[in-house]
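The block underneath contains the structure these notes are about, expressed in structure tokens.
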Amino acid sequence: MVTRGRVSARITSFWNVLDEAITSITLSSTPQLIIKQRANADTVHASGLEVEASMRLSASLSATFASGFVSSTFHYCNLGQVQLPTDGTEKRHPLALRLH
């Protein structure tokens, strides 16, 4: 964390490897009912970067900006009859701005 007067900033990076992950798969879906099942997956790799900055606007008001950049990958999935793409990658970039 870096602080200069009324402004502070933080950057966090991470890299995770999860062996023998459990995932939720959708078996069927209708407007009235969604049937899901938990199943064993193999390895999940997740890496990313989180950025946060805050500024104190007054004694009772501050603004915070936060964002994250995440990339996760299933390296192997054997879920019986349900087929998931192997080496499929999902990327997310959520963004948030808070006043408090």
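The values are calculated or read from the model by the stated rules, or taken from the named source; none is laboratory data. What you see is a predicted model; the values in this text were computed from it and never measured. Every residue, glycine among them, receives a Cβ derived from its backbone with ideal geometry; neighbour counts consider all protein chains shown.
Within segment 45-56, at least one residue is at pLDDT 80 or above, within 22 Å of residue 1 (Cβ to Cβ) and either in contact with a helix residue (DSSP H, G or I) (Cβ under 7 Å, 6 or more places away or on another chain) or of a type in the set (Asp, Glu) (or both).
Across segment 23-41, what is the number of residues that are surrounded by fewer than 10 Cβ atoms within 10 Å (Cβ to Cβ) and under 28 Å from residue 69 (Cα atoms)? Working first, answer last.
First, the residues of segment 23-41 that are surrounded by fewer than 10 Cβ atoms within 10 Å (Cβ to Cβ): 24, 28, 30-33, 38.
Checking which are under 28 Å from residue 69 (Cα atoms) leaves us with 24, 38.
Adding up the residues that qualify gives 2.
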